[in-house]
Amino acid sequence: MPKAIRIQQTGGPEVLQYEDVDVAAPGPTEVQIRHTAIGVNFIDVYDRTGLYPQPLPAGLGREAAGVVMARGKKVRDLKVGDRVAYAMPQPGAYCELRNVPAERVVKVPNGISDEQAAAIMLKGMTAQYLLRRTYRVNRGDVVLLNAAAGGVGLILSQWAKALGATVIGVVGSDAKAQIARKHGCKHVLIEGRDDVAAGVKKLSKGLGAAVAYDAVGKDAFMACLDSLRPLGMMVTFGNASGPVGPISPLELSRRGSLFLTRPTLFHYIASREDLVATAKELFAVVKSKKVKVRVQQTYALKDAARAHLDLEARRTTGSTVLIP
């Protein structure tokens, strides 16, 4: 019988349970996928703790790669044996076998491994929409990036550098600073040691960043705002330190008529057309070697709780995957 990680209640990593599950035949518009690699992301922690509420009991995990084992009678674009990957708004990827709507699945091209695909669907497509759609980064832009040594950070920094931007990364340690510098960051500031806003202004010759990408949340938000140039854009897309509290719109005008947005991937890939286009551009930039994917940590599916402990303790860099 297939195995899966499930939660009966919200809480710490100890609530993760490795158990048998029944998996029915796929519905008419679904494919059944045998997972070969599963991505681990901070959004999984938000689901586990209840920051993002969901009906219980529930699964965890939003992205995975694998092989199509069966397809519904209305599915035409995918066939049994295809290598595929997905990122889903509904949790449930921490499992060996899963039925997924075919319209949410893309084929994995040759030259992209299963582990790479599982590591980049959520994080890589997030980097794509942040860089190309939320704020379209251009040559010469100064980009501020928090959590620069994390899964999204390492992809985003390399991609931004390839676009001609100057990337200023913020990380939590000297060891992570070395990693960030090797993956696109021209300058790196240490959280808690360096004054981020002052550092960005100095490194940008007093101008400030054109855009700040922040996955840290509460602890980094105001420093990011203070780092921006007039008419700059603040992009808060994660809550690693907790959600950002209320802010008066006047704070934006006082700092130079700033823009503020709180985007999420699934709005950007809501249509099949946008999903395919986003994945295609992502796969292309990875195959070109402009973006190198670092799968730094792998854990057995049954050890998902340990993966969560390491992620929350900031002991991980790059991408983390579970292997069924």
Fill in: Contacts under 6 angstrom Cβ, first residue in the stretch 34-57 being without any contact (Cβ under 8 Å) to a residue 12 or more places away in the chain, partner outside any strand (DSSP E or B) and surrounded by 14 or more Cβ atoms within 10 Å (Cβ to Cβ), 6 or more apart
Tyr52/Tyr46
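Take Ala64 and decide whether it is hydrophobic (A, V, I, L, M, F, W, C), outside the structural domain of Gly238 (by TED's automatic domain parsing) and in a strand (DSSP E or B).
Values: hydrophobic (A, V, I, L, M, F, W, C): yes; outside the structural domain of Gly238 (by TED's automatic domain parsing): yes; in a strand (DSSP E or B): yes.
So Ala64 fits the description; yes.
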Worksheet item: Which of the residues belonging to the stretch 263-294 are in contact with a strand residue (DSSP E or B) (Cβ under 8 Å, 6 or more places away or on another chain) and within 29 Å of Arg181 (Cβ to Cβ)?
Response: Pro263, Leu265, Ala279, Val293, Arg294
Practice prompt. Select from the stretch 16-57 the residues that are surrounded by 20 or more Cβ atoms within 10 Å (Cβ to Cβ), under 19 Å from the mean Cα position of the chain (by Cα) and assigned to a loop (DSSP other than H, G, I, E, B) and list them in ascending order.
Written response: Asn41
Discussion item. Can you pull out every residue in the stretch 265-313 that is polar (S, T, N, Q) and over 23 Å from His35 (Cα atoms)?
Written reply: Ser271, Ser288
Practice prompt. Report yes if some residue within the stretch 133-151 is more than 14 Å from Ala64 (Cβ to Cβ) and of a type in the set (Ser, Thr, Tyr); otherwise report no.
Written response: yes
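In the stretch 67-91, which residue that is of a type in the set (Lys, Arg) and either buried (at least 17 other Cβ atoms within 10 Å of the Cβ) or not assigned by TED's automatic domain parsing to the domain that holds Gln32 (or both) is nearest to Ala117 (Cα to Cα)?
Quick first cut of the stretch 67-91, residues of a type in the set (Lys, Arg) only: 71, 73-74, 76, 79, 83.
After this cut, where a residue has to be either buried (at least 17 other Cβ atoms within 10 Å of the Cβ) or not assigned by TED's automatic domain parsing to the domain that holds Gln32 (or both) as well, the list is 71, 83.
On the way: Arg71: 21, Arg83: 10 Å.
That would be Arg83.
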Worksheet, complete the sentence: Going through the stretch 132-151 in order, the residues found to be surrounded by fewer than 24 Cβ atoms within 10 Å (Cβ to Cβ) and assigned to a helix (DSSP H, G or I) are Arg132, Arg133, Thr134
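In the list Ala223, Ala197, Ala210, which residue meets the criterion of being of a type in the set (Gly, Ala, Ser), more than 19 Å from the chain's Cα centre (by Cα), part of a strand (DSSP E or B) and within 18 Å of Phe259 (Cα to Cα)? Explain how you work it out, then say what you get.
On the way: Ala223 fails: part of a strand (DSSP E or B); Ala197 fails: part of a strand (DSSP E or B).
Within the list Ala223, Ala197, Ala210, the selection yields Ala210.
The values are calculated or read from the model by the stated rules, or taken from the named source; none is laboratory data. Just so you know, these numbers come straight off a predicted model, no measurement behind them. Backbone-built Cβ (ideal geometry, glycine too); neighbour counts: all protein chains shown.
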